[in-house]
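Below you'll find the structure, written out as structure tokens, and then a few comments.
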Amino acid sequence: MIDKNSPLPIYTQIEDGIRSQIENGELKPHDAIPSEREYATQFQISRMTVRQAITNLVNEGLLYREKGRGTFVSEQKIEQQLVGLTSFTEDMKARGFTPSSRLLHFEIIPATAKIASQLSIQVHHPVYEITRIRLAHGIPMAIETVYMSANLIKGVTEAIIQQSLYDYVEQQSELKIGHATQTLEAIVATENETEHLQVAKGSPILLIQRYTYLEDGTPLEVVRSAYRADRYKFTVSMNRT
């Protein structure tokens, strides 16, 4: 694992070795790694060198520390390409995860001026307000709030919400979803998000706001989704023009 004659710094070699053990499955999520003292003794190096390697992997998100207990392997992050318009359910199934939802709130409310403007409807027209936790293999990944015109998409029930709204829109309502625009930013989790996403107070989360349209340009939904930053990452492919 360590070659003291290599031009690579020793801490980098330790990082690469631990990373390789994680990638090949030798170290699994929540497994404890050896202590700094154990690594230092095994390779006859300073604990400071070991600490630098472990800290870099913690900052990278591959490891996490628990005070008084040690350092452990993190859960693998789910990677989503920001290309194409897919639902959470479709994304999770494509990655081999079992998607599910836990409904927190569902009612028809009169549209506020802001929501009415975003959905191109009249103020006080009925809209669905849906808040649910999105899970993969039973683990909370995101908390999502959706606003959708009840006059445009009729007959939405709690049973439908537990599945895929996009499936209902396209298969049952026979409408074609066209495109969406969305923004992504990092924020600190609110108290409500901390509770439902099962993250520590003050944890960073990834906030996505999406505006989805039908093929004819009719606004379909406004969505606010807060994703766990420790379990999710987004990638973008870019071409030089």
Run through the stretch 87-123 and list the trypsin sites (Lys or Arg not before Pro) located in a DSSP loop whose Cβ has at most 15 other Cβ atoms within 10 Å.
ARG95
Rule-of-thumb Rg ratio for the stretch 4-116 [Cα; 2.2 N^0.38 Å; N residues]
1.60
Could you give the size of the charge dipole of the stretch 135-209 about its Cα centre, using +1 on the Cβ of each K and R and -1 on the Cβ of each D and E, expressed in debye and rounded to the nearest 20?
100
Antiparallel bridges, percent of DSSP beta bridges restricted to the chain (to nearest 5)
95
Which whole number of Å³ per residue matches the convex hull of the alpha-carbon atoms in the stretch 5-68?
97
In Å³ per residue, the alpha-carbon convex hull of the chain encloses 161
Could you work out how far the C-alpha centroid of the stretch 1-65 sits from that of the stretch 178-222, in angstrom?
35
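About its Cα centre, how strong a charge dipole does the chain have in debye, to the nearest 20, once Lys and Arg get +1 and Asp and Glu get -1 at the Cβ?
Result for the chain is approximately 580 debye, rounded to the nearest 20.
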Looking at HIS125, GLN162, GLY202, which one has the Cα that reaches farthest to the positive end of the dipole of the stretch 79-229 (charges on Cβ: Lys, Arg +1; Asp, Glu -1)?
GLY202
Sort ASP230, ASP91 from largest to smallest accessible area, using a 1.4 Å probe on the heavy atoms of the protein chains.
ASP230, ASP91
Going toward the positive end of the dipole of the chain, with +1 on Lys and Arg Cβ and -1 on Asp and Glu Cβ, which of SER46, GLN21, SER237 do you reach last?
SER46
Any idea of the accessible area per residue across the chain, 1.4 Å probe, to the nearest Å²?
57
For Cα pairs less than 8 Å apart in space and 6+ apart in sequence, what is the mean separation divided by the residue count of the stretch 168-229, i.e. the relative contact order in percent?
33
When the solvent-accessible surface of protein heavy atoms is calculated with a 1.4 angstrom probe, in what order do SER46, SER237 fall, highest first?
SER237, SER46
Added length on full extension, which subtracts the Cα-Cα distance from 0.36 nm per residue, SER46 to ASN59
2.6 nm
Taking the chain, how many lysine pairs are there with alpha carbons less than 26 Å apart, if each pair must be eight or more places apart or span two chains?
17
Computing the accessible area with a 1.4 Å probe over protein heavy atoms, can you report the carbon and sulfur percentage for the chain?
49
Across the alpha-carbon set of the stretch 97-230, Rg over Rh with Rh taken as the Kirkwood radius works out to 0.97
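The values are calculated or read from the model by the stated rules, or taken from the named source; none is laboratory data. Source: prediction; values computed, not measured. Please note: Cβ atoms are built from the backbone with ideal geometry, for glycine as well, and neighbour counts cover all protein chains shown. Accessible surface is based on the protein model in full, side chains and every heavy atom, while ligands, DNA and RNA are left aside. Shrake-Rupley method; radii C 1.70, N 1.55, O 1.52, S 1.80 Å.
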